[in-house]
Each structure stands twice: as C-alpha cells, then as structure tokens.
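**Q** Below are the structure tokens for one structure; questions will follow.
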Amino acid sequence: MTNFPASFTEKLQQRQHNSSLRKLPQPTTLVDFSSNDYLGLAHSEVLFSKVHEFLAQRNIGQSGATGSRLLSGNYPLYEEVESHIAAFHQSESALVFNSGYDANLGLFGAITHREAVILYDEYSHASIRDGIRLSSAKSYKFKHNDLQDLTRKLQTLADPNHDVFVVTESVFSMDGDSPDMLQLTQICSEFKAHLVLDEAHALGVFGEKGEGLVQHLGLEQQVFARIMTFGKALGCHGAAILGSTQLKEYLVNFSRSFIYTTALPPHSVATILVAYQYLENARTAREKLQQNINLFNELFNTTTLSPIKSIIVSGNDNVKQKALQLQQSGFDVKPILSPTVPEGKERLRFCLHSYNTAEEIKAVASLFLETV
C-alpha cells in the first residue's frame, strides 16, 4: 500500500485538535431526537409491506435499473411516479434524481451561461453550494433570510438581458427557520428573477397533505423550481425537481448528475410512489407531529413551526459534552459542530417526530434545562 499523503494526515490532525473530527455513529436504541424521519415512514411496517405487494402485483422482479435513464434505465414505473409527483405538487412536471444532493448538483451545475447570476442564502445546504460551484454563472450570497440584503444585491446585479436565479430553502436544515415566502416571491417577481426553493424539510410537514410550504402558501406558480427530497419525511430515497415541462427537458439534456448516473432500482422508485400515497392519508401523524412541535416550543421557549429545533451551545467541546449527557440518559440528540456551522454557533439539533411521546419531550427538556 502506498504512503498516506502528508497533507491528508495534517488535515485530520487539525480536525482532531479542534474537536471536530467526524466518526460514523453506531446504531442505538436511544429515544430518537436526531433523525429526519418526521412521520415515522422509514420504520413503517405497513409501508414496507405495501411496497412488496406493489412489486408483486406488477410482477416487477428486477433488482437493478441496468443503466442510466437515457440508456436502459427508464422503465415505465419511473414515468408513472413522476406523473404522480407532479400532480400531487400541482406542477407541470417532475424529474426524479437519485438523491437531494444529486438534484442540487444537477440543477445548478446546468446553469452554464457565464453572464447569469445566482444569489443564494448564506446558510444554503452544502449540496446547493457545491452545485453552484459547478455552474458557470456568477454567484453571490446574501445574508440569511435577509430580504433587504437580497433586494440591495438584486438592485446592483440584476440585468434584464441575463438570467438571475435566487436560491434558498423553505425550511432550513439547521435551525428549522424559513424566509418570508410571500415577500420573497414578490421581490423575485419585481426583478424578474427565477426563484429556486429547496423543500427537503418542508415535504410531509406543511400543507393539507404534506405538500410542502410552497403549496401551503399557494405560491407554486411563483416558483421556477422546487427540490423535493424523499429521505426525510417520506422515509425513502431519492429526490425530484419540480417545474415546467421545458425545465424537465432542459435537465434531461444538460444535468450531468442525471445523465451520467445509473437510475434508481425499481424497488426504490416503487417506495417513492407508495410513500406519496401514504402521505396523502397521514393526517393523524401530521397532527401528532404538530402537537409535539407546539409542546417543544412551550418547554424550550422556541418559536419555529418546523420539527427542527436548534439550541446554541457554543464550543465544540461544550456541545459534545452536553449531547453526551443527554445520550447517557437515553436520548439520541446530536451535537452540530463547527465547521459544519460557524464557530461559536455550535448547537444541539433536536428533530421531532410524530412517534415521540409528550413524556419523552418533557423528560429531555427537563434534563437539558437542569444542566444549563
């Protein structure tokens, strides 16, 4: 085996020094306050059984897609699922990607015009930022959820002769907060900017049937593209980009993470369809989730309406110790360290679920507050 690069060793040692070295966690039996499985679909025996029934009824026995969708992987189930997703989200079209990360790489990497401008929220997910790096467009960040800063930058950078894209998330993954969506769409309309919204953490949580925050507010016609990720509330894998039929055609032709990857296997695509069908009738789970959100807000004096709750505990060592105390008492709460978040903004990230009990939430709150 060749020698390990010295530069790699140095970077690992620096992480160790900063108490920020990542390690893969082991499975636990602790009370879940860390996963994104907001409605419990990832562990649903009913959903698992329905997927197998669906595959058996359709006589689908292949375990792999055999190639990219532009070669041999575009089996009929794909188009059925995309049609279902588009109808559910009141969109002209939907294009399934292998993950939310792939969707963001594929969408932003396909913006190849050098005179185009991308304005993105400074707290945008790493997949958005990585996708923007693949783009040929000029990119600028605006302050988190600061629409005045966005407006100032649009006044300076927007050019009616070139495309402008504004990118943010409807629910942010670290703090669970949201921009002022109504004002955001008005600003984009004023400057003729194409609004792109990542709804990864809104799907399943907001809306009458869990359609997401955009539809909850009736703004689907004001958004150029929505990214729906299935690995959170839907409890499965993959993602879809929602938009016009022209956008879908464009991505099929220019999105590299779509073109040059093997398609998802039939089991994964069937699971997406069954999860969407389940979501349409999951009112009880969504109501229980909302009750848990309200209880947490009351106990911790927080206000965000999403199931993601962050409590700042500055310093990597401090937040790791706090998380360890909660874990040793039976609660799976994860520390979020710098450099994942800015130094000094380290936090405990609580994720709430429909299957968390009121007693569990009260217990973890009591334990946290007595050690503050």
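The values are calculated or read from the model by the stated rules, or taken from the named source; none is laboratory data. It should be emphasised that the depicted structure is a prediction, and the values quoted were computed from it without experimental measurement. Here the Cβ is made from the backbone with ideal geometry for all residues, glycine too, and neighbour counts use every protein chain on show.
**Q** Counting residues that are without any contact (Cβ under 8 Å) to a residue 12 or more places away in the chain, which helices (runs of 4 or more DSSP H) fully inside segment 143-221 reach at least 3?
**A** In segment 143-221, 147-157 are the helices (runs of 4 or more DSSP H) which contain 3 or more residues that are without any contact (Cβ under 8 Å) to a residue 12 or more places away in the chain.
**Q** Right, something else. Considering only segment 1-56, how many residues are under 30 Å from LEU289 (Cβ atoms) and of a type in the set (Phe, Trp, Tyr)?
**A** 4
**Q** Of the residues GLY218, GLY235, GLY231, which is on the phi > 0 side of the Ramachandran plot, surrounded by fewer than 23 Cβ atoms within 10 Å (Cβ to Cβ) and assigned by TED's automatic domain parsing to the domain that holds GLY131?
**A** GLY218
**Q** Looking at the structure I just gave you, is ILE336 outside the structural domain of PHE230 (by TED's automatic domain parsing), surrounded by fewer than 16 Cβ atoms within 10 Å (Cβ to Cβ) and hydrophobic (A, V, I, L, M, F, W, C)?
**A** No.
**Q** If we scan segment 115-134, do we find a residue that is of a type in the set (Gly, Ala, Ser), closer than 20 Å to ALA202 by Cα and part of a helix (DSSP H, G or I)?
**A** yes
**Q** Here is a follow-up. Exactly one of these conditions fails for TYR78: (1) among the hydroxyl-bearing types (Ser, Thr, Tyr); (2) closer than 15 Å to ALA270 by Cα; (3) surrounded by fewer than 19 Cβ atoms within 10 Å (Cβ to Cβ). Give me its number.
**A** All conditions are met except number (3).
**Q** State all residues of segment 161-209 that are among the small types (Gly, Ala, Ser) and either assigned by TED's automatic domain parsing to the domain that holds SER35 or touching a strand residue (DSSP E or B) at 6+ places or on another chain (Cβ under 6 Å) (or both); if no residue qualifies, say none.
**A** Those that are among the small types (Gly, Ala, Ser) and either assigned by TED's automatic domain parsing to the domain that holds SER35 or touching a strand residue (DSSP E or B) at 6+ places or on another chain (Cβ under 6 Å) (or both): SER170, GLY176, ALA193, ALA200.
**Q** In contact with a helix residue (DSSP H, G or I) (Cβ under 9 Å, 6 or more places away or on another chain) and exposed (fewer than 11 other Cβ atoms within 10 Å of the Cβ): which single residue out of VAL51, VAL46 fits that description?
**A** VAL46
**Q** Next up: Quick one: which of ALA65, ALA86 is assigned to a loop (DSSP other than H, G, I, E, B) and surrounded by 15 or more Cβ atoms within 10 Å (Cβ to Cβ)?
**A** Residue meeting the stated conditions: ALA65.
**Q** Being among the β-branched types (Val, Ile, Thr) and in contact with a helix residue (DSSP H, G or I) (Cβ under 8 Å, 6 or more places away or on another chain) is the filter here; which residues of segment 225-245 pass it?
**A** Matches in segment 225-245: ILE227, THR229, ILE241.
**Q** Follow-up question, since we're still on this one. Filter segment 230-264 for residues that are within 13 Å of the chain's Cα centre (by Cα) and over 20 Å from SER135 (Cβ atoms) and give the result.
**A** Within segment 230-264, PHE230, GLY231, LYS232, ALA233, LEU234, GLY235, CYS236, HIS237, GLY238, ALA240 qualify.
**Q** Here is a further query. When the residues of segment 289-336 are narrowed to those that are of a type in the set (Phe, Trp, Tyr) and either over 26 Å from ASN145 (Cα atoms) or more than 22 Å from the chain's Cα centre (by Cα) (or both), which ends up modelled with the highest pLDDT?
**A** Within segment 289-336, the match that is modelled with the highest pLDDT is PHE331.
**Q** With respect to the numbered conditions (1) in contact (Cβ under 8 Å) with a residue 60 or more places away in the chain; (2) over 30 Å from LEU324 (Cβ atoms); (3) over 19 Å from the mean Cα position of the chain (by Cα), which one is the sole condition not fulfilled by ASN18?
**A** It is condition (2) that ASN18 fails.
**Q** Could you tell me whether any residue of segment 292-312 is part of a loop (DSSP other than H, G, I, E, B) and under 24 Å from HIS237 (Cβ atoms)?
**A** Yes - at least one qualifying residue is present in segment 292-312.
**Q** Continuing with this model, one more query. Give all pairs with beta carbons closer than 8 Å in which a residue from segment 315-340 that is under 13 Å from PHE368 (Cβ atoms) meets a residue that is of a type in the set (Gly, Ala, Ser) and part of a helix (DSSP H, G or I); count only pairs at least 6 apart in sequence or on separate chains.
**A** PHE331/ALA363; VAL333/ALA323; PRO335/ALA323
**Q** Quick one: which residue in ASP121, ASP102, ASP130 is farther than 16 Å from THR271 by Cα and surrounded by fewer than 19 Cβ atoms within 10 Å (Cβ to Cβ)?
**A** ASP130
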